[in-house]
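Notes follow once the structure below has been shown.
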Amino acid sequence: MRRVVTDCSNGYFTQGSIFSCLENSAGNQTYGVIITARCDLEHEKINKVVCLPVYKLKDWMTLYGDEEIYESSLSSIINQLDVQLKKYGTDVEKYKIFGLDEIEKYLVQKKIDTKSQEFINQCFSFINEKNVFAEIKSLKENNKKYFESLLNHSKASAYFIEGLLGDDSEGFVIDLSEPISLPLQVLKDISRTLHFQKFNRLKNSIYKNMMLKEEQCSSFHNVIASPYIEHILQRFSQFYSRIGTDDISEDTRLIIKDVYEKR
């Protein structure tokens, strides 16, 4: 089993160091990982240190992943629901107009079979309650695809890694899309353990991108080892260096294709 972190020395931090109680732009408390260059930290060439938010996998899914799965699945499941409802003389538009209770009463009157009723119930549960665990085949496939996109590093804005706090069975997601700057002094304070009392006195100044709750303290945990930290930096650079261009026009594509096929 691979080991992706090394132990953190007291009073020391570097590129890849993981700490607690960072605050993201949505006001959520996360872990953080330093991505500023080692030499800049070592020689204190900078006043601000760039960090990325780090989430436990279950927290990432609650905050972001489940919503992405819902949005990517919604159109397909509405279409599937519409097909089922039409078998009983109604459709999604009538559901939107009359509401769930009336449609359910109508389906009872139509003596809907148990299997169809269960499928429609699952669709209603997904659409109305955003239940991404509903028993719908296409939804299960999208859940699987999303999880695999994290593990396979095919999701451009996120980086999956396990075992950052020592338990290799626990997954984490690093958000590559939200770099957050902290004053160098804040990282020094964290290296000595930043307690709530001190944070609370200065939270609207140098600690404005930190979030500590009463009885909490912020400290460093581990350091992401090489080559994993370099891979994270590579992915971060790729995400921010993407260049958007227009797609080739269909007419041009067909002309080129025709020339290619006649070679």
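The values are calculated or read from the model by the stated rules, or taken from the named source; none is laboratory data. As the structure is a computational prediction, the values presented were derived from the model and not from experiment. Reconstructed Cβ throughout: ideal geometry from the backbone, glycine too, with neighbour counts over all protein chains shown.
Quick notes on this one:
Here is a yes/no grid of residues against (1) assigned to a strand (DSSP E or B); (2) surrounded by fewer than 19 Cβ atoms within 10 Å (Cβ to Cβ):
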| position | (1), (2) |
| --- | --- |
| Leu187 | no, no |
| Ile190 | no, no |
| Ser205 | no, yes |
| Lys208 | no, yes |
| Lys213 | no, yes |
| Asn222 | yes, no |
| Gln234 | no, yes |
| Phe239 | no, yes |
| Thr252 | no, yes |
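- Taking (1) over 19 Å from Lys140 (Cα atoms); (2) not assigned by TED's automatic domain parsing to the domain that holds Tyr228 in turn, Gln15 satisfies each apart from (2).
- Any hit, the range 28-38, residues being over 17 Å from Asp175 (Cβ atoms) and either part of a loop (DSSP other than H, G, I, E, B) or under 18 Å from the mean Cα position of the chain (by Cα) (or both): yes
- Extreme residue, modelled with the highest pLDDT, among residues of the range 167-183 that are among the hydroxyl-bearing types (Ser, Thr, Tyr) and assigned to a loop (DSSP other than H, G, I, E, B): Ser177
- Qualifying residue in the range 131-138 (condition: outside any loop (DSSP other than H, G, I, E, B) and more than 30 Å from Met1 (Cα to Cα)): yes
- Filtering the range 61-116 to residues that are of a type in the set (S, T, N, Q), surrounded by 16 or more Cβ atoms within 10 Å (Cβ to Cβ) and in a helix (DSSP H, G or I) leaves Ser73, Gln80, Gln84.
- Any chance Cys21 is at positive phi and either in the same structural domain as Gly163 (by TED's automatic domain parsing) or surrounded by 22 or more Cβ atoms within 10 Å (Cβ to Cβ) (or both): yes
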